[in-house]
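Quick note: the coordinates plus some simple rules give every number you see, no bench work behind them. Predicted, not measured: the structure shown is a model, and the values here were computed from it. Positions of Cβ are generated from backbone atoms using ideal geometry, with glycine treated the same way; all protein chains shown enter the neighbour counts.
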Amino acid sequence: MMNEIGEMVQLELRDVTHCYNGKMVLDIPHLSIERGKIYGVVGPNGSGKTTLLSIMNLLIRPTTGQLFFEGKSIHDEDNSRMEIQRSMAMTLQTPYLFDTTVEGNIAYGLRARGNPRKNWTAIIEDALQKVGLRGLAKRRARELSGGEVQLVAIARALVIDPKILFLDEPTANVDLRHIHQLEEIIAAINGDRGTTIVLATHDLSQAYRFAHYVFPFFEGRLVPSTMHNLFGGTIKSSPDGPYFDTGKIQIWILQEVSSSASTHISINPEDIIVSKEPFASSARNRYEGTITQVVDQKGRVDLVVNAGESFRVQITEHSFRRLGLNVGSRIYVTFKASSVHLL
């Protein structure tokens, strides 16, 4: 099946919904995945990303709807479902490794698929080399760091040569040193093998760094545009007015919306003011923080600022240079209560 511009649609969802205990947690009218592309599914924790990936990987069956693989409907009545599932692989946010060696863990997929044992050594060594773990075949799994565990899980998936690789928050429990390495490996798997990759992440900047397409996801639904600075929490009141408590910081909101039952807010990055020193302003929300990431967007600069919560901020390139900012700079982020949107 081809899309409108002639590219092969590898996996397609139509009118897919899923319910847990009578509550709908997923509602996808239509979603298609093209062969050989990288997709980022972005959204906050609990938005349904893992459920979506599990349905796409055929690990769970949707409550309603149809899935198509390479133009053919996937049915439970014949062997097609199992055959298609064997052409896919998925790594979890916290991968489970058997209490054996790295080599033993990677060999699991080969054994399950009946691959001749005489081929294992070469295949395993090739997979370890691709994920940067060459020479670690004999190391025990319990001796690995969090980043190395994720790399072994990816290597275990690679040995079966999947057509589609699903990655659920692959860098969520990984130290900064391994995050860049993981991202380079994921991009290389796609570039060298042409493997389709679907990656779920709550890190917007990560998805936009190397995904060809990004699907913004919120409360089980695809939304028209990505919601930046999306925080979960509860609305509370105080003598000074209502605020939204994220569990880490308090964000002042307008009195008119204080009766809302919303559990999420978003703040447009362009509504946040950056300064080196606090300044007199009617804006009630002001937080001191540290710049942890700088991304040049040709004319503007995207900043990630850790100020209790991680804020994404957009400023002009001129302002960035005038303020002399860089990773590690201490700054203030300031925005009005009217800039806080309840969802």
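Once you have a ≥ b ≥ c as the square roots of the Cα gyration tensor eigenvalues for region 254-297, tell me rounded if a/c is under 1.5, and otherwise prolate or oblate according to whether a/b is larger than b/c. Write out the running numbers ahead of the final one.
Numbers: a/c = 2.63, a/b = 1.52, b/c = 1.74.
Here region 254-297 falls in the oblate category.
According to the square roots a ≥ b ≥ c of the eigenvalues of the Cα gyration tensor, what is the shape class of the chain, taking rounded for a/c under 1.5, prolate for a/b larger than b/c otherwise, and oblate for the remainder?
Numbers: a/c = 2.16, a/b = 1.57, b/c = 1.38.
It is prolate, given that a/c is not under 1.5 and a/b is the larger ratio.
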inquiry  = Just want to confirm a number: the relative contact order over the chain, from Cα pairs under 8 angstrom separated by 6+ residues, in percent.
reply    = 17 percent
query = For the peptides 61-71, 306-316, what is the packing order when you average, over each peptide's residues, the other Cβ atoms within 10 Å and list the highest mean first?
reply = 306-316, 61-71
message = From the phi angles alone, apply the Karplus equation (6.51, -1.76, 1.60; θ = phi - 60°) to region 54-69 and give each ³J(HN,Hα) in whole Hz, x where the residue is Gly or Pro.
response = 5, 6, 5, 8, 6, 6, 10, 9, x, 5, 9, x, 10, 10, 10, 10
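Would you tally the net charge around Asn57, using a Cβ to Cβ cut-off of less than 13 Å, leaving Asn57 out, and scoring K and R as +1, D and E as -1? Write down the numbers at each step before the final one.
Working: positive: Lys49, Arg61, Arg81, Arg86, Lys163; negative: Asp168.
Net local charge, Asn57 excluded: +4.
Taking the Cα centre of the chain as origin, sum charge times position over the Cβ atoms of Lys and Arg (+1) and Asp and Glu (-1), and report the length of that vector in debye to the nearest 20. Mind dumping the intermediate values first?
Values: 37 positive and 37 negative charges, 143 e Å.
It works out to roughly 680 debye.
Tell me the mean residue ellipticity at 222 nm calculated for the chain from its helices only (DSSP H runs of n ≥ 4, each -39500 (n - 2.57), averaged over every residue, nearest 500). Can you show the working numbers first?
On the way: 8 runs with 81 residues, N = 343.
The per-residue figure over the chain is -7000 deg cm²/dmol.
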key: By average C-beta atoms within 10 angstrom, highest first, the peptides 190-199, 291-300   = 190-199, 291-300
query = Can you pick out the pairs among Lys130/Lys298; Lys236/Lys336; Lys49/Lys163; Lys23/Lys248 whose Cα atoms lie more than 24 Å from each other?
reply = Lys130/Lys298; Lys23/Lys248
inquiry  = Sort 153-164, 117-128 by the packing proxy (mean of other Cβ within 10 Å over each peptide's residues), most packed first.
reply    = 153-164, 117-128
